[in-house]
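> Starting off with a structure, shown below.
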Amino acid sequence: MNRYLRYTGFCLLSLLAFGCATAPQTVYVTEAQQVTTQALEPVNLDAIGLRQDLGAKFTHQLPPEMTDELMNDIQAQLANTKRFTKVLMNASDQETYIIEPRIESLNSFESPMNMDPTRKLVTFKARVRLDVKLMNAKGQIELVKSYSDDRKLESKIPKREVMVAEKKQEFFKRAVTIGFRAAADRLGMGFNPSYEIGSVSRINGRIAYVQINTSKLRKVPKKQQAIEVIDDNNQVLASLGELQIEDGSISGRYFEKGGASVKEGMKVRARVNAMLLE
């Protein structure tokens, strides 16, 4: 009995020791880390490129009328990433992100199966991508980043069987659909907000001048830009509006929060997308 009690006590002590060693450590998010909350920006889906691909380059593999079905599926998948407040179809809002699906290649081939001479292997390959573009207030469009996916599907069929066009189309459709869904997942994860850090260099009346790297900030639509003066504990002291963005500097009218005063040397953070940091 005493031996059993000693053994039980040893187990309890061991569990306590290991429990303390493996307890999850509290992690506090800083500016240098990626913030994984939901992004605030809506995005627009544009079907023009996909219609061109299906209507010209790949008419033998997939019908052009499949464009709407694919676009609806991509829209749903992007929404499922929970990174956008809205995923709009062919919207015309300026100063925003545009996502354009494209099909780069579709091909198939047959190969013998050495382990089974009575059958053959039919392989279908698809390469798709989602282009993220930024449209400014003047309607000018710039490519920001592309998310691609290579997809391969295989089917074993009798050696003498000829796969009909409808069956091939079914495989191509599956490959393209899965490829776009995978690309949409990676794109959504790329839209986590992150920060660029700078400092107040000068104050003139109600205008604050900030030294900061603006290369990433220029690729954020104006209505989605958030420039804030913060203290050492990352508490927001003021926000900047009416922004003028130059190379390496920002100026704007500041609006205090809670009566805080803005002074030279204070830390400033500008929200960008983690997608732009890669």
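> In whole Å, what are the Cα extents of the range 193-276 along the three principal axes, biggest one first?
Principal-axis extents of the Cα atoms in the range 193-276, largest first: 34, 25, 21 Å.
> Continuing with the same structure: So, counting K/R as plus one and D/E as minus one, what does the shell of residues with Cβ under 10 Å around I99 add up to? Can you show the working numbers first?
Working: positive: K133; negative: D46, E100, D131.
For residues surrounding I99, the net value is -2.
> Accessible area of the range 193-276 with a 1.4 Å probe: how many percent of it is carbon plus sulfur?
About 40 percent, which is the carbon plus sulfur part of the accessible surface.
> Per residue, how much accessible area does the range 93-209 have with a 1.4 Å probe, in Å²?
Value returned for the range 93-209: 52 Å² of accessible area per residue.
> Counting only other residues whose beta carbon sits under 9 Å from that of V200, what net charge do I get with K and R as +1, D and E as -1?
Charge balance near V200 sits at +2.
> Where Rh denotes the Kirkwood radius from the mean inverse Cα pair distance, what is Rg over Rh for the range 57-186? Please list the in-between numbers first.
Numbers: Rg = 18.1 Å, Rh = 16.5 Å.
Reported Rg/Rh (Cα atoms, Kirkwood Rh): 1.09.
> Hey, another quick one. Less than 9 Å Cβ to Cβ from A137, Lys/Arg counted +1 and Asp/Glu -1: what total charge do the surrounding residues give?
+1
> On a straight-distance basis, which aspartates and glutamates could pair with K168 in a cross-link, Cα separation under 14 angstrom, same-chain partners fewer than 8 positions away excluded?
E110, E154
> Sticking with this one: Using θ = phi - 60° and the Karplus curve 6.51 cos²θ - 1.76 cosθ + 1.60, what whole-Hz ³J(HN,Hα) does each residue of the range 211-223 get, with Gly and Pro shown as x?
Ordered by residue, 3J(HN,Hα) equals 8, 6, 6, 9, 4, 7, 5, 5, 9, 10, x, 4, 6 Hz.
The values are calculated or read from the model by the stated rules, or taken from the named source; none is laboratory data. Quick caveat, the model's predicted, so the values are computed rather than measured. Here the Cβ is made from the backbone with ideal geometry for all residues, glycine too, and neighbour counts use every protein chain on show. For the accessible areas, the whole protein counts, side chains as well, though only heavy atoms, and no ligand, DNA or RNA atoms are used. Shrake-Rupley method; radii C 1.70, N 1.55, O 1.52, S 1.80 Å.
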